[in-house]
Amino acid sequence: SGLGVYLAHGSRLFVVSATFRAMLQKDPAQLRDRELVPLSQDQIRAVRIRHAGQVYTLEPAGKGGWRAGPGARRLQAPSWTRRLLVALRSLRAARFLAQAGEGTVRPWLEIKGKAGAPSVRLGAAGPCPGRPTERRLQVIEQPVSGAAVTSVCCVATADLAPLTAPPAR
């Protein structure tokens, strides 16, 4: 019928769906989750952005608001904060790279998770090979327990724009 295929494992023979066979033939990178910041707004304790030699910290201020740094007043530009949070949640890898490329990458954006949530650091690493509309991005995810996981991927340059703009006050 074409819906199933035979699968030999040692001396045993199985019948599996054709879609299972197709999944096994995929490149492992195709099976990876492309979401780069796996945190909801409620899981974020702080966002730290480095821009033009300055470091800006955003923290939840209750009732959905955000404030800049410890003890600072609420931000006067809530639309900028909303764009930043939406950009973080929607940031996706177009493709993953096997190698990081040249040079040391310093994270410009750090997202600290609340208790039980991971923290994520993003560092721009230059243009993506062969893709002029994409930038190479290094993503370091630090789970609550265990070792940090580093990925290098390509993302659309336009998707990074809200994350690289200076914070509006």
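Key figures for this structure:
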| item | result |
| --- | --- |
| Gyration tensor (alpha-carbon) shape descriptor, the stretch 126-166, a/c threshold 1.5 | oblate |
| Calculated from backbone phi, Karplus (6.51, -1.76, 1.60) coupling profile of the stretch 139-154 in Hz, x at Gly/Pro | 10, 10, 9, 10, x, 4, 10, x, 7, 5, 10, 10, 10, 10, 9, 10 |
| Y6, Y56, ranked by accessible area, largest first (probe 1.4 Å) | Y6, Y56 |
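The values are calculated or read from the model by the stated rules, or taken from the named source; none is laboratory data. Just so we're clear, the structure is a prediction, and the values are computed from it rather than from any experiment. These area figures cover heavy atoms from the full protein model, side chains too; ligands, DNA and RNA do not enter into them. Shrake-Rupley method; radii C 1.70, N 1.55, O 1.52, S 1.80 Å.
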